[in-house]
Amino acid sequence: MAKAVLNGDRILGTIHRNIYGHFSEHLGYCIYGGIYVGPDSDIPNTNGLRNDVLEALRNMKIPVLRWPGGCFADEYHWKDGVGRKENRPSMINTHWGGVVENNHFGTHEFMELCELIGADPYICGNVGSGTVKEMSEWVEYITFDGESPMANWRKENGREQPWRLPYFGVGNENWGCGGHMRAEYYADLYRHYQTYVRRYGPHKIYKIACGPNTDDYHWTEVLMRQAGRFMDGLSLHYYTVPGTWQNKGSSTDFTEKEWFITLKKTLYMDELITKHSTIMDRYDPEQRVGLIVDEWGTWYDPLPGTNPGFLQQQNTLRDALVAGVNFHIFHKHCRRVHMANLAQLVNVLQAVILTNGPEMILTPTYHVFKMFSVHQDSELLDLTFNSPEYIYEGESIPAVSASASKNADGEVYISLCNLDPNNDHEFTCELRGISVEKLSGEILTSSKITDHNDFDKPDVVKPEAFDRASITDGILQVSLPAKSVVVIKLS
Ligand code: AHR
């Protein structure tokens, strides 16, 4: 049994809505086919953007979207992606399958996408193969409200008003695909490039420096020491890979062993954030600089028969648990983690949406994002509990993961994950500092750990009303089914 106490009047921080952010790269069928089909497509669209995907993203309450990469960002030249489509030059997408990129989806299309789904744009600039001038002019093109070469060009290309650009990343994985730099070298480059990411309008641009790969604490140390005062955010990338990078494991064909390993490796996110935060605390005790986990999620072997460079995988109940556990970790660190972006939005890695020609399905991960959207911009409440252990072949991890928040209307939400695929667990929680009149709940689970949605069976894993919770004498009692994600509403 998990015994808990919820202190409804003890607020630990604010869960920034951007913790529920996303990432879309020019990779495989994420942009082309997944988000953008072009205005002449038979698939219903708005200026080329798929209507079904737009609607699903609005329903999910997507707060922020990162683009155009990823590794693609450091070889993307934005000027090739504006103006009349027939005049836009093509390029080779060398990182992702060597396919021809025709640049039909560029700055205007991305900004329109963000406007239509109500997400803040987060653009990642090119440090690896781009110039300071190019980066500076991109910001001028997007944000300058007046007469200038770039603003005038934007107007000629059909956009009179500048856009708001709240978030800008100065390079991506510059320790790897973004230039194989040393931390000391990149820190200087960051200082240099970010200088010319000018604020032209009334709105500040939140500047994000390329941060560490997984447990590269040296990178964090150097960046914070040499460049901390010039940044608003420092990124962190960590993927959950059940196997090795050479042999990652199948997204659908797995046993309890891989289920356990995947969740254990997901929990490692907590240690990573704690250790990177400790370094950041030394240079930034006020926690001004955000840790921006702008790439996270599961990474499995590509689906058989697909282009290995397209990173296509299925999404099972296991991925739903991975999402829920990560969100609880981000909540716990919400004073430092200001944003997180799942990799990736559509058809790539742990996608929330899969498409196949005109068809579209929502994955279990999508449903967790939607269920957990109630936490966005809410206050994190103090919830303490002892979890029973989930033991597999002599190793163990906590069976229950939980988090609670209160929104501006005073509604309290408790989200719970039962990582144990074999046993239900009782969650008994003393409610302090809140009064409850109504209780309701939603659950996501399925009969098998490998269950997933597919184009012929789109609703195998979908949320349902949850009725195994009650309150007696101020004690909330939840009977948490094995391998499930539950959200309880107390109002
Ligand atoms: O998300 C896929 C790739 O993973 C990104 O392009 C890169 O930043 C990371 O290595």
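Classified by the C-alpha gyration tensor, region 98-169 has a rounded form. Its axis ratio a/c, with a ≥ b ≥ c, is below 1.5. Mind giving me the FRET efficiency for VAL100 and ASP215? R0 is 30 Å, r the Cβ-Cβ distance, nearest 0.05 is fine. Rounded to the nearest 0.05, the efficiency is 0.25. Values of log10 I(q)/I(0) for region 1-119 across q = 0.14, 0.23, 0.24 Å⁻¹ run -0.64, -1.44, -1.51, by the Debye formula with one identical scatterer at each alpha carbon and no solvent. Can you give the FRET efficiency to the nearest 0.05 for SER470 and GLU115, using r as the Cβ-Cβ distance and R₀ = 30 Å? Calculated value: 0.10.
Each DSSP beta bridge with both residues in the chain is either parallel or antiparallel, and the antiparallel ones are about 60%. Once both labels are positioned 7 Å from their Cα atoms along Cα-to-Cβ, the gap between THR131 and ASN87 label points is 2.0 nm. For region 368-432, the alpha-carbon radius of gyration amounts to 1.29 times the rule-of-thumb value 2.2 N^0.38 Å expected for a compact globular protein. Relative to the 2.2 N^0.38 Å rule of thumb, region 350-491 has a C-alpha radius of gyration ratio of 1.13. Counted residue by residue at 0.36 nm each, then reduced by the alpha carbon distance between them, the extension gain from GLU389 to ASP459 reaches 22.1 nm.
Scaled against 2.2 N^0.38 Å for its residue count N, the alpha carbon radius of gyration of the chain is 0.96.
Determine, from the Cβ-Cβ distance of ASP188 and SER148 and an R0 of 22 Å, the FRET efficiency 1/(1 + (r/R0)^6), rounded to the nearest 0.05. Efficiency at R0 = 22 Å is approximately 0.20. Determine the distance separating the Cα centre of region 279-300 from the Cα centre of region 77-137; give it in Å without decimals. The distance from the Cα centre of region 279-300 to that of region 77-137 comes to 26 Å. Return the subset of LYS207/LYS265; LYS448/LYS483; LYS207/LYS275; LYS257/LYS462; LYS332/LYS406 for which the Cα-Cα distance in this structure is over 19 Å, preserving the input order. Going by Cα-Cα distance, LYS207/LYS265; LYS207/LYS275; LYS257/LYS462 fall outside the 19 Å limit.
With neighbour counts taken as other beta-carbon atoms within 10 Å, the residues LYS79, LYS133 rank, fewest first, as LYS133, LYS79. Using just its DSSP H runs of length 4 or more, each adding -39500 (n - 2.57), the chain gives a mean residue ellipticity at 222 nm of -7500 deg cm²/dmol after division by all residues.
Read-outs throughout are calculated quantities, based only on the coordinates presented, and are distinct from any laboratory measurement. Just so it is clear, the structure is predicted and the values come from calculations on it, not from any experiment. Don't worry about glycine lacking a Cβ; one is built from the backbone with ideal geometry, like all the others, and counts go over all protein chains shown.
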